[in-house]
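To start, the structure itself, in structure tokens.
The values are calculated or read from the model by the stated rules, or taken from the named source; none is laboratory data. Everything numeric here is computed off the predicted structure, so don't read it as measured data. So basically every Cβ, Gly included, is an ideal-geometry build from the backbone, and we count neighbours across all protein chains shown.
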Amino acid sequence: MTRVSNTQPSNHPESARDRPLLSPLTRRILAINILALALLGGGVLFHGEYRKTLIDAEIKSLTVQAQMFAAALGEGAIAADTPAGHQLIFEIADRIVRRLVETTGTRARLFRNNGFLVADSLRMGGSGGIVRIEELPPPGAERGLIPAALDVYDRLMRRLIGQDVLPVYRERSRQHARDYPEVISALGGGTTHQVRSAGGDPLILSVAVPVQRYKQVLGAVMLTKGSGAIDEALLEVRIAILKIFGAALAVTVLLSMYLAGTIARPIRRLAAAAELVRHDHGRKQTIPDFKGRNDEIGELAESLSEMTEALWQRMDAIESFAADVAHEIKNPLTSLRSAVETTARLKDPKQQRKMMTIIQEDVVRLDRLISDISDASRLDAELSRAETEPVDIGAMLKTLVDLHDAIFDNGKDGARRIHLEGIGLEAEPLIVDGIEIRLAQVFRNLFTNAISFSGAEDRITITASRENGWLIVDVDDEGPGLPKGKEDAIFERFYTERRDSEKFGTHSGLGLSISRQIINAHGGQLTASNRTDADGNILGARFTVRLLVG
């Protein structure tokens, strides 16, 4: 049962089926290009080393300031006439600390040598007790979406690369030197710095230096400063990078869309055209021509166009072959039917035996014809599936010559009917890349054809030679030659023109057609011509096989 679909293909290639706005190939191109740019931009946005450089520079600046503070305190806030020797004067030290930090933007704290805090630039004493001073951020200084997103990104990147987690800055209500390791180190005579987290991405930088008088450590001053200036500098750089990234992203998307359009759109047109050709019952649909493109798309379009033309030719060949087969089979069937009907009406036994002989000959002819048709019909598929290998044509020809000699030497007449002579086969091996069994079939067909047109005393000559990378094999006979103007027609299917002495129906007319088909599949040529003498008299036929030497 044949199922007929009611679905009719569209006449427009682009509307052959519902297509998304962005094809899968376009999405892949966009994803790859954007991912590559995002990885690059993400790596540039993470300024870990640059931030570390800024922090080191800020630490050095704080160290210089702290040393200046310590020198000023050592000179101006020391009492030398006390029973215990040199001591800090707390009131003077507090005023000096406050005066020094006014223009630095830092916080200064002074610890005496027993670890107790004696001065803090952010605390003031009064009648109501100690008051803590806190600087308020300027109006409109709230962190926006971009800085917050960058903070999250920084935390993720630091976890990804395994960066050390900074200690969190904590401040007690009653501060002591033991709360700050750098102060303990300064009270021991060293200069130390510390970097702490302020509970998020902002940092607290601190430096502690000893306050000395004649090498005697009387206390330690600690300067601290937030990373606001560093964060602002980094934010400006990052915003500039984000602007460049945005521009690069826009250019990348546009170029990707253009690239995808030059690749995906022609491929979609080719696919749609191929689908229309598949559904088309005529030859109205054609493959778009992209020969102007000197790239793979143009090669694909040309290949599809050639493939489509080859398919149409193959379909034409199949239709023609089917018609030829029907015609050739109809002849013996008609003869067979006529003989059967006649036999049924005959009463004479002698006439009946004659009709039966005709029936047997027609059956044999029909069997031979069907066998040759079957061989020809599956030849294409076998040639496309078979693996090629190096074939020694010289050795093959010698074997075929010996085989023919042996057959004729042992024939019914007890003598050699045909003499086959190999010429030029003793030189270097004549190797071609092909299918040995099929090439042997070609030469057997040519030998059989030459034998059928030759007399008992005629000579068949095989000549093999090389010429410009080609192997040329000539099969010459001394028969009547080829009909004038039929040198190419003899290779057509079912074409046969035999001697009057030969019984009709002995040959199917497919041998030479199959032989040319095999040679063409090997990239070679099979031609026929007449051999003539100086006066133009026909000396016989010549079949020439040309194959590329491997």
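Overview of values
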quantity	calculated
Meets criteria (in a helix (DSSP H, G or I), touching a Pro at 6+ places or on another chain (Cβ under 7 Å) and at pLDDT 80 or above) for A70	yes
Top-ranked residue in the stretch 475-511 [being among the aliphatic types (A, V, I, L, M) and at pLDDT 85 or above; ranked as farthest from I393 (Cα to Cα)]	L482
Whichever residue in the stretch 215-268 is of a type in the set (G, A, S), farther than 30 Å from L39 by Cα and buried (at least 19 other Cβ atoms within 10 Å of the Cβ) and, among such residues, is farthest from the chain's Cα centre (by Cα)	G219
Condition check for A271: at pLDDT 85 or above, surrounded by fewer than 17 Cβ atoms within 10 Å (Cβ to Cβ) and either farther than 30 Å from A301 by Cα or in the same structural domain as L45 (by TED's automatic domain parsing) (or both)	no
First in the stretch 478-504 and of a type in the set (S, T, Y), second anywhere and modelled with pLDDT under 65, Cβ under 6 Å, 6 or more apart	T496/H507
Search result, residues across the stretch 173-189 that are of a type in the set (A, V, I, L, M) and either farther than 16 Å from L205 by Cβ or outside the structural domain of R112 (by TED's automatic domain parsing) (or both)	A177, I184, L187
Selected residue (only one of I460, I472 is in a strand (DSSP E or B) and at pLDDT below 85)	I460
Test: L276 is surrounded by 13 or more Cβ atoms within 10 Å (Cβ to Cβ) and either over 30 Å from R314 (Cβ atoms) or not assigned by TED's automatic domain parsing to the domain that holds K60 (or both)	no
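Matching residues to (1) modelled with pLDDT of 75 or more; (2) not in a helix (DSSP H, G or I):
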{"site": "H281", "(1), (2)": "no, yes"}
{"site": "F290", "(1), (2)": "yes, yes"}
{"site": "G298", "(1), (2)": "yes, no"}
{"site": "S305", "(1), (2)": "yes, no"}
{"site": "E309", "(1), (2)": "yes, no"}
{"site": "A326", "(1), (2)": "no, no"}
{"site": "S335", "(1), (2)": "yes, no"}
{"site": "M356", "(1), (2)": "yes, no"}
